[in-house]
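Before anything else, here's the structure in question.
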Amino acid sequence: MKQETFSDIEYAHRKRKTRRDIFLETIDSLMPWDDWVRMIRPYYPSGRRGRPPRDIETMLRMYLLMHLYSLSAESLEDAVYDSYAMRSFMHLDFLKEQVPGASTMLRFRHLLKDHGISDRILQDVEEKLTGAGLKLSRGTLVDAAASPARSALSPGRKS
């Protein structure tokens, strides 16, 4: 069981959840994390040489954030440090570990692309959201949200 930090306790007592909190909780509950980890494990560094590799699921979560919010690796690293919702989504405890660096994220992204895994993951995301009746609208960091697919276009609005 994870020990709560003062930040966790303070954040738990806020008056409401933000749209980002709700969005990332929804994404977290819908995604097949274990399946993706099994798909990546055969290609992932073993850690016998060099630095020990970061946890695959942590890297997957960061990769997904990068795509959901259309951020560069450097911008994402900063955003995770700045956003409690993103840090929670990544299951990071700053007492034990830090956000993976931009170069680590870039190496992970290349590993997924080189083995044809990135397209499968992004297709999975779209299928899971569609299956849950959600549509992803991409915009700025603040505006990215999952909304019911039936209300994706309001009257008078062009696609």
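The values are calculated or read from the model by the stated rules, or taken from the named source; none is laboratory data. Remember, it's a predicted structure, so these values are computed and weren't measured experimentally. Backbone-built Cβ (ideal geometry, glycine too); neighbour counts: all protein chains shown.
Across the stretch 40-55, what is the number of residues that are crowded, with 16+ Cβ neighbours inside 10 Å and either over 20 Å from the mean Cα position of the chain (by Cα) or modelled with pLDDT of 95 or more (or both)?
Qualifying residue count, the stretch 40-55: 1.
In the stretch 105-139, which residues are polar (S, T, N, Q) and surrounded by 13 or more Cβ atoms within 10 Å (Cβ to Cβ)?
Listed by number, the list holds a single entry, SER118.
Give the residue that is surrounded by the fewest Cβ atoms within 10 Å (Cβ to Cβ), with candidates limited to residues of the stretch 14-33 that are at pLDDT below 90 and over 14 Å from LEU65 (Cβ atoms).
Restricting to residues being at pLDDT below 90 and over 14 Å from LEU65 (Cβ atoms), the top hit is LYS15.
Just name the residue that is modelled with the highest pLDDT out of those in the stretch 88-135 that are under 20 Å from ARG41 (Cα atoms) and of a type in the set (Asp, Glu).
ASP114
Can you tell which of GLU97, GLU77 is under 22 Å from ASP21 (Cβ atoms) and surrounded by 17 or more Cβ atoms within 10 Å (Cβ to Cβ)?
None of the other options fit; the residue is GLU77.
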